[in-house]
Amino acid sequence: MTSAEPARRIPAPAGETAEPGAGGSGLGRSGLGRSGLGRPSSGTTDAGASALSRMQRRLGAEPYRPGIWGWILPALVAVFAGILRLRDLATPHLLMFDETYYAKDAFALLTAGYELEWAEDADEAWLSGNAQPSDEAAYVVHPPLGKWLIALGLRVFGYDSAFGWRISAAVAGTLAVLLIAVIAQRMFRSVFLGAFAGMLTAIEGHHLVMSRVALLDIFMMFFVLAAFGALVADRYSGRRRLAEWAVAPSGPGPRLALRPWRLLAAVLLGAAVAVKLSALAFFAVFGVMVILWDLQARRAAGVDRWFRVGLLRDAVPAVLTVLPVAAAVYLASWSGWLFSREGWGRMWHLSHPAEGLAGLVPGPIRSLWNYHVSATDFHQGLSNGHEYASSPWTWPFMGRPVSMHYDGIAEGEVYAQTGETCQASACSSAVLDLANPLIWWAGLIAVVIVLALWLGRRDWRYGAILSGFVAGFLVWLLFPDRTMFFFYTISYHPFLILAITAVAALVLRIGTGAQHADGSRRGAGVIVAARQRNTVILLCFVLLCVAASVFFLPLWTGEMIPYEQWRMRIWIESWL
């Protein structure tokens, strides 16, 4: 035994292991100076580049170049999704479910800049092309941005066809498919897995229905997903800058104050909240997530006093930049109301003079604050029964989907919505917010697997996926008495798809390691065969999901089918 102690290889911190499907490995500390990460011993360019590459791997910030297929495949999947969402979008020509509120509110915003009251028979007048809101301001509880987006469709295409009030939702849903494909591709470093996630989203019925109705939730989901993608991009960008510092450290660590991707995320999260206030849960959960990412990155890079430095140089600047930007976006969404004098509660501040420091707040802002206090009280007290209300505990099992529309057509009767004649003893036309059962229930299993994997491996991607699920689902458990609906789950739908993709990434790696379990080397041919087999398994899963979507498609698009065919697709009585 020599007197010199062999150099020890210290494992990378939890969460910095190889990315599933990436084919890499965790990089441990190997005597690179202070805290194990000092300057490389050689000053040559090659040595510096090698050290930078190692540090990027350690921080999970290696460059990723997907090539031309990394752009072509997501685009093709998005085009396919767009076709599904635009096909017969104007059918049925009805105000389905809450379209009766949001389409008319959008029209009022175009007319007055704020929501207006409508007569009780306004639906019939609207559908006949004679929209006539009153001059009286209406009290509504949701912020205006989602309705402004619906108004864009009305502005361009008019309201004489349902296409006008649904096109914005269809565009948002299509863009969300593109986003999920790109985000999954980057997270799992695989063009195949990106296309896998995009295709599952494109054909999934819950996502399809919500992309074909003029409700607000699809817009909130889009902005939340886009913000998540921006935060993932910020994670890579910030860690690459941190890696450059770590190979030649000086001082207590770099300042990463200018973070464009994070500011973009602030804009998008502000927009999500400006659609529905429930997006505040994502704002809070994502905020905690990125702070933990930053702290862990500085620890992994060997920054001295990483916790204090991370709070001062990352967390505090984030709060001081993100919150004002998001607040400004949210406030801008209320500009129509703020620049009016007739909006509901707009002049509240005149009858309620400010006292003390409240006098420093502009009157319109005080009125807007009072509006939000009233809306909060409304949401907390919303407990009226509804035929399609459901408990969040039933959502993972799809216990009570929402029927947006149903028509029964007698034999020989011409269905007014399509002009078709019912040839069976009875026919049905339905738009049911029902998820693809195979994808939805596989997603539930995948979330459980991802949770177990995160507890065991602390891989950041598993935690990121769970954060979206927590913000979109678990937050509703805090309000057990509130009236809730299954379509609220569209907010965490992307994270359900990402959970399935995470499991798919593990499937791709089965039998592809360099060694067998007994330590013997695995031949190149065996590895290639295993990869092909695993790819076929995932493709078969996608094909099964496509088959299920083809089967349920009539229930998602309002197609007229024989009653027996409709009833055959109602697998559970609670779906009625």
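The values are calculated or read from the model by the stated rules, or taken from the named source; none is laboratory data. As the structure is a prediction and not an experimental result, all values here were calculated from the model. Note that each Cβ is placed from the backbone with ideal geometry, even for glycine, and that neighbours are counted across all protein chains shown. Ligands, DNA and RNA are stripped out before the accessible areas are found, and what is left, the full protein with its side chains, is counted by its heavy atoms. Shrake-Rupley method; radii C 1.70, N 1.55, O 1.52, S 1.80 Å.
If you take the residues of region 524-557 that are closer than 30 Å to Asp407 by Cα and among the polar types (S, T, N, Q), which of them is farthest from the chain's Cα centre (by Cα)?
Initial filter on region 524-557 (closer than 30 Å to Asp407 by Cα): 544-557.
Okay, now just the ones that are also among the polar types (S, T, N, Q), so 549, 557.
On the way: Ser549: 21, Thr557: 23 Å.
Looking at the filtered set, the residue picked out is Thr557.
In region 99-114, what residues are under 26 Å from the mean Cα position of the chain (by Cα) and buried (at least 18 other Cβ atoms within 10 Å of the Cβ)?
First, pick out the residues of region 99-114 that are under 26 Å from the mean Cα position of the chain (by Cα): 99-103, 105-106.
Selection gives Glu99, Tyr101, Tyr102, Ala103, Asp105, Ala106.
For residues in region 129-158 being more than 22 Å from Met220 (Cβ to Cβ) and touching a Lys or Arg at 6+ places or on another chain (Cβ under 9 Å), which is surrounded by the fewest Cβ atoms within 10 Å (Cβ to Cβ)?
Here the answer is Ala131.
Within region 174-202, how many residues turn out to be of a type outside the set (Lys, Arg) and either in contact with an Asp or Glu (Cβ under 7 Å, 6 or more places away or on another chain) or outside any helix (DSSP H, G or I) (or both)?
Restricting attention to region 174-202, the residues satisfying the condition of being of a type outside the set (Lys, Arg) are 174-185, 187-188, 190-202.
Going one step further and asking which of them are either in contact with an Asp or Glu (Cβ under 7 Å, 6 or more places away or on another chain) or outside any helix (DSSP H, G or I) (or both), we end up with 188, 190.
Of the residues in region 174-202, 2 are of a type outside the set (Lys, Arg) and either in contact with an Asp or Glu (Cβ under 7 Å, 6 or more places away or on another chain) or outside any helix (DSSP H, G or I) (or both).
State whether the residues of region 466-474 include one that is open to solvent by less than 20 Å² (accessible area, probe 1.4 Å), in contact with a Leu (Cβ under 8 Å, 6 or more places away or on another chain) and hydrophobic (A, V, I, L, M, F, W, C).
Taking region 466-474 as the starting set, the residues that turn out to be open to solvent by less than 20 Å² (accessible area, probe 1.4 Å) are 467-468, 471-473.
Filter again for in contact with a Leu (Cβ under 8 Å, 6 or more places away or on another chain), leaving 468.
Restricting the remaining residues to those that are hydrophobic (A, V, I, L, M, F, W, C) gives none.
For region 466-474, residues open to solvent by less than 20 Å² (accessible area, probe 1.4 Å), in contact with a Leu (Cβ under 8 Å, 6 or more places away or on another chain) and hydrophobic (A, V, I, L, M, F, W, C): absent.
With respect to Val267, is the statement that it is open to solvent by 10 Å² or more (accessible area, probe 1.4 Å) and either within 25 Å of Ala375 (Cα to Cα) or more than 14 Å from the chain's Cα centre (by Cα) (or both) true?
Numbers: open to solvent by 10 Å² or more (accessible area, probe 1.4 Å): yes; either within 25 Å of Ala375 (Cα to Cα) or more than 14 Å from the chain's Cα centre (by Cα) (or both): yes.
Criteria met by Val267.
Mind listing whichever residues of region 160-184 are open to solvent by less than 50 Å² (accessible area, probe 1.4 Å) and farther than 29 Å from Gly70 by Cβ?
Ser161, Ala162, Gly164, Trp165, Arg166
Among the residues that make up region 436-445, is at least one of them open to solvent by 70 Å² or more (accessible area, probe 1.4 Å) and not polar (S, T, N, Q)? Steps first, please.
Filtering region 436-445 for residues open to solvent by 70 Å² or more (accessible area, probe 1.4 Å) gives 441, 445.
Keeping just the survivors that are not polar (S, T, N, Q) gives 441, 445.
The answer is yes, given that some residue of region 436-445 is open to solvent by 70 Å² or more (accessible area, probe 1.4 Å) and not polar (S, T, N, Q).
Any residue at all in region 501-509 that is surrounded by 12 or more Cβ atoms within 10 Å (Cβ to Cβ), more than 33 Å from the chain's Cα centre (by Cα) and farther than 26 Å from Gly419 by Cβ?
Taking region 501-509 as the starting set, the residues that turn out to be surrounded by 12 or more Cβ atoms within 10 Å (Cβ to Cβ) are 501-509.
Subset that is more than 33 Å from the chain's Cα centre (by Cα): none.
No, there is no match, as no residue in region 501-509 is surrounded by 12 or more Cβ atoms within 10 Å (Cβ to Cβ), more than 33 Å from the chain's Cα centre (by Cα) and farther than 26 Å from Gly419 by Cβ.
Taking the conditions exactly as written (assigned to a loop (DSSP other than H, G, I, E, B), touching a residue at least 12 places away in the same chain (Cβ under 8 Å) and on the phi < 0 side of the Ramachandran plot), does Ala424 satisfy them or not? Break it down stepwise before answering.
Values: assigned to a loop (DSSP other than H, G, I, E, B): yes; touching a residue at least 12 places away in the same chain (Cβ under 8 Å): yes; on the phi < 0 side of the Ramachandran plot: yes.
Yes; evaluated as a whole, the condition is true for this residue.
In contact (Cβ under 8 Å) with a residue 12 or more places away in the chain, farther than 30 Å from Met220 by Cβ, among the small types (Gly, Ala, Ser) and in contact with a helix residue (DSSP H, G or I) (Cβ under 9 Å, 6 or more places away or on another chain): is that true of Ala301 in this structure? Before you say what the answer is, go through the steps one by one.
Values: in contact (Cβ under 8 Å) with a residue 12 or more places away in the chain: yes; farther than 30 Å from Met220 by Cβ: yes; among the small types (Gly, Ala, Ser): yes; in contact with a helix residue (DSSP H, G or I) (Cβ under 9 Å, 6 or more places away or on another chain): yes.
Considered against the rule, which asks whether it is in contact (Cβ under 8 Å) with a residue 12 or more places away in the chain, farther than 30 Å from Met220 by Cβ, among the small types (Gly, Ala, Ser) and in contact with a helix residue (DSSP H, G or I) (Cβ under 9 Å, 6 or more places away or on another chain), Ala301 comes out as yes.
Residue under question is Glu120, and the condition is that it be open to solvent by 10 Å² or more (accessible area, probe 1.4 Å), closer than 30 Å to Ala297 by Cα and part of a loop (DSSP other than H, G, I, E, B); does it hold? If you could, list the steps in order and put the result at the bottom.
Numbers: open to solvent by 10 Å² or more (accessible area, probe 1.4 Å): yes; closer than 30 Å to Ala297 by Cα: no; part of a loop (DSSP other than H, G, I, E, B): yes.
Considered against the rule, which asks whether it is open to solvent by 10 Å² or more (accessible area, probe 1.4 Å), closer than 30 Å to Ala297 by Cα and part of a loop (DSSP other than H, G, I, E, B), Glu120 comes out as no.
Which pairs have Cβ atoms under 9 Å, sit 6 or more apart or on different chains, and link a residue in region 474-498 that is of a type in the set (Gly, Ala, Ser) to one that is in a loop (DSSP other than H, G, I, E, B)?
Ser491/Lys276; Ser491/Phe473
So which of Gly287, Gly302 ends up being in a helix (DSSP H, G or I), surrounded by 15 or more Cβ atoms within 10 Å (Cβ to Cβ) and not acidic (Asp, Glu)? Let's see the steps before the verdict.
Values: Gly302 fails: in a helix (DSSP H, G or I).
On inspection, the qualifying residue turns out to be Gly287.
Somewhere in region 230-253, is a residue β-branched (Val, Ile, Thr) and modelled with pLDDT under 95? I'd like the intermediate steps shown before the answer.
Narrowing region 230-253 to residues β-branched (Val, Ile, Thr): 232, 247.
If we keep only those that are modelled with pLDDT under 95 as well, we get 247.
Scanning region 230-253 turns up at least one residue that is β-branched (Val, Ile, Thr) and modelled with pLDDT under 95.
Those residues that are touching a Gly at 6+ places or on another chain (Cβ under 9 Å) and over 20 Å from Trp556 (Cβ atoms), I need them from region 423-445; list them, please.
Gln423, Ala426
Please specify each residue of region 556-576 satisfying the condition of being under 13 Å from Gly205 (Cβ atoms) and touching a Phe, Trp or Tyr at 6+ places or on another chain (Cβ under 7 Å).
Across region 556-576, the qualifying residue is only Arg569.
Has region 451-465 got at least one residue that is closer than 30 Å to Leu94 by Cα and touching a residue at least 12 places away in the same chain (Cβ under 8 Å)? Lay out the reasoning, then the answer.
First pass over region 451-465, keeping only residues closer than 30 Å to Leu94 by Cα: none.
Looking for residues that are closer than 30 Å to Leu94 by Cα and touching a residue at least 12 places away in the same chain (Cβ under 8 Å), one finds none in region 451-465, hence no.
Could you check Thr483 against (1) of a type outside the set (A, V, I, L, M); (2) part of a helix (DSSP H, G or I); (3) under 27 Å from Leu277 (Cα atoms) and say which number it fails?
Every condition holds for Thr483 apart from (2).
Residue by residue through region 511-542, note down the ones that are in a helix (DSSP H, G or I), of a type outside the set (A, V, I, L, M, F, W, C) and farther than 29 Å from Gly198 by Cα.
Hit for region 511-542 is Gly525, nothing else.
Would you mind stating whether Leu84 is modelled with pLDDT of 95 or more and either polar (S, T, N, Q) or part of a loop (DSSP other than H, G, I, E, B) (or both)?
no
Given the criterion of a type in the set (S, T, N, Q) and assigned to a loop (DSSP other than H, G, I, E, B), identify the matching residue among Ser340, Ser278. Outline the logic, then answer.
On the way: Ser278 fails: assigned to a loop (DSSP other than H, G, I, E, B).
One residue alone meets the criteria, Ser340.
Quick one: in region 385-417, which of the residues that are part of a loop (DSSP other than H, G, I, E, B) and in contact with a strand residue (DSSP E or B) (Cβ under 6 Å, 6 or more places away or on another chain) is surrounded by the most Cβ atoms within 10 Å (Cβ to Cβ)?
Only one residue tops the list, namely Pro401.
Suppose we filter Ala75, Ala90, Ala81 for residues that are over 25 Å from the mean Cα position of the chain (by Cα) and either surrounded by fewer than 20 Cβ atoms within 10 Å (Cβ to Cβ) or not basic (Lys, Arg) (or both); which single one remains? Don't jump to the end; show me each part of the working.
Values: Ala75 fails: over 25 Å from the mean Cα position of the chain (by Cα); Ala81 fails: over 25 Å from the mean Cα position of the chain (by Cα).
After applying the criteria, what remains is Ala90.
Considering only region 335-375, how many residues are open to solvent by less than 40 Å² (accessible area, probe 1.4 Å) and either under 25 Å from Trp261 (Cα atoms) or touching a strand residue (DSSP E or B) at 6+ places or on another chain (Cβ under 6 Å) (or both)?
Selection size over region 335-375: 1.
Confirm whether Ala274 is surrounded by 23 or more Cβ atoms within 10 Å (Cβ to Cβ), under 27 Å from Leu216 (Cβ atoms), in contact (Cβ under 8 Å) with a residue 24 or more places away in the chain and touching a Ser or Thr at 6+ places or on another chain (Cβ under 8 Å).
Values: surrounded by 23 or more Cβ atoms within 10 Å (Cβ to Cβ): yes; under 27 Å from Leu216 (Cβ atoms): yes; in contact (Cβ under 8 Å) with a residue 24 or more places away in the chain: yes; touching a Ser or Thr at 6+ places or on another chain (Cβ under 8 Å): yes.
So Ala274 passes the test.
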